[in-house]
Amino acid sequence: MKLISWNIDSLNAALTSDSARALLSREVLKNLALMDADVIGLQETKLSAKGPTKKHIEILGEIFPGYNFVWRSSQEPARKSYAGTMFLYKKKFNPEVSFPTIGAPSTMDDEGRIITLEFDDCFVTQVYTPNAGDGLRRLEERQVWDQKYADYLCQLSEKKPVLACGDYNVAHREIDLANPASNHFSAGFTDEEREGFTNFLGRGFIDSFRHLHGDKEGVYSWWAQRVKTSKINNSGWRIDYWVVSSDVADKVRVSDMIDSGTRQDHTPILLEIDL
């Protein structure tokens with residue numbers, strides 16, 4: 001299987017806007033279509049509670065003619081047009097689709113953060129993990145989320161192997177960001193968030209990138225938009241992951257970043273695995 005994950009930061013903008021950033025996003029989508037992946041997971045779609053419009057569906061059909069798609073948007077009482085996820089998968093597949101809730105605190109379960117596809121040989125699931133937020137205001141809730149999410153994936157892995165992807169909003173190790181010394185109290189690199197990810201992996205999951213590439217440095221999946229030179233200088237963070245059940249880790253053939261050119265923010269990530 002060939003699988004792609006990408007935090008697109010507004011599918012609506014990528015499909016319908018003519019801004020310079022949107023044009024870059026649309027170009028990335030077109031490049032992803034050329035890669036002929038079996039499954040593509042998109043996070044932070046920011047669609048309305050009603051999901052994609054007719055215009056969105058039309059454009060998606062033009063870019064990805066051989067794919068079906070499923071979506072999950074933020075619903076009240078959560079914020080509108082916030083978070084959200086979508087899976088595109090080849091029409092030859094007929095996975096069972098679920099939109100799990102995990103007993104997360106606050107409105108997190110209403111924010112459209114998880115979709116799971118069940119195939120004959122595995123689960124493919126994606127997540128848009130809640131950010132701890134400015135001033136770490138959501139850090140305590142985020143710690144509960146991490147525990148509940150790990151519990152959910154463990155339940156899946158009792159049935160069949162799990163391939164989990166998404167924006168996990170945490171740089172796990174110091175080599176997963178360019179400037180660790182100045183970010184120990186920043187959202188995405190607190191001790192608590194890093195420990196949450198360590199505990200998650202410790203329950204039978206493997207960070208597929210580190211499994212293949214060891215302690216390779218300087219490879220990131222996100223560069224801050226607010227800093228114009230962040231990508232040019234490769235001052236980034238690796239916060240997007242393909243995580244797999246430990247029993248299929250040795251079947252991973254490729255786990256890497258996909259070049260998104262000059263576009264800052266997240267870049268797509270690729271997994272190829274022989275199940």
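The values are calculated or read from the model by the stated rules, or taken from the named source; none is laboratory data. Owing to the predicted nature of the structure, the values given are computational and were not obtained by experimental measurement. No Cβ is skipped: glycine too gets one built from the backbone with ideal geometry, and neighbour counts run over all protein chains shown.
Residues of the stretch 196-245 that are of a type in the set (F, W, Y), touching a His at 6+ places or on another chain (Cβ under 7 Å) and in a loop (DSSP other than H, G, I, E, B): none at all. Among the residues making up the stretch 179-193, those that are surrounded by 14 or more Cβ atoms within 10 Å (Cβ to Cβ) and in contact with an Asp or Glu (Cβ under 9 Å, 6 or more places away or on another chain) are P180, A187, F189, E192, E193. Between A14, A37, the distinction of being in a loop (DSSP other than H, G, I, E, B) and either crowded, with 21+ Cβ neighbours inside 10 Å or not charged (D, E, K, R) (or both) belongs to A37 only. The set of residues in the stretch 233-262 being under 18 Å from L42 (Cβ atoms) and touching a strand residue (DSSP E or B) at 6+ places or on another chain (Cβ under 9 Å) consists of I239, D240, Y241, W242, V243, M257, I258, S260. Set side by side, the residues A150, A178, A171, A132 differ, and just one is closer than 29 Å to V39 by Cβ and either modelled with pLDDT under 95 or out of contact with any helix residue (DSSP H, G or I) (no Cβ under 6 Å at 6 or more places or on another chain) (or both), which is A171. Between residues in the stretch 199-211 that are farther than 20 Å from E272 by Cα and residues that are crowded, with 18+ Cβ neighbours inside 10 Å and at pLDDT 95 or above, which pairs lie under 6 Å by C-beta distance while being six or more apart or on different chains? Once the first residue is farther than 20 Å from E272 by Cα and sits in the stretch 199-211, its partners that are crowded, with 18+ Cβ neighbours inside 10 Å and at pLDDT 95 or above give F200/A150; R203/A150. Taking the stretch 89-99 as the search range and keeping residues that are aromatic (F, W, Y) and within 16 Å of C122 (Cα to Cα), which one is surrounded by the fewest Cβ atoms within 10 Å (Cβ to Cβ)? Looking at the filtered set, the residue picked out is F93. Applying the condition of being of a type in the set (A, V, I, L, M, F, W, C) and in contact (Cβ under 8 Å) with a residue 24 or more places away in the chain to the stretch 168-188 and asking which residue is farthest from I273 (Cα to Cα) yields F185. Is it true that some residue in the stretch 161-178 is surrounded by 16 or more Cβ atoms within 10 Å (Cβ to Cβ) and on the phi > 0 side of the Ramachandran plot? Yes, that holds for at least one residue. Quick one: is R226 modelled with pLDDT of 95 or more and among the basic types (K, R)? No; evaluated as a whole, the condition is false for this residue.
Restricting the first member to the stretch 100-117 and to residues that are modelled with pLDDT of 95 or more and surrounded by fewer than 22 Cβ atoms within 10 Å (Cβ to Cβ), and the second to residues that are part of a loop (DSSP other than H, G, I, E, B) and among the hydrophobic types (A, V, I, L, M, F, W, C), the beta-carbon pairs closer than 7 Å and six or more apart or on different chains are T107/A78; D109/I102; D110/A78; E111/A78; E111/A83. Here S25 fulfils each of the conditions (1) within 19 Å of L163 (Cα to Cα); (2) touching a helix residue (DSSP H, G or I) at 6+ places or on another chain (Cβ under 7 Å); (3) hydroxyl-bearing (S, T, Y) apart from (1).
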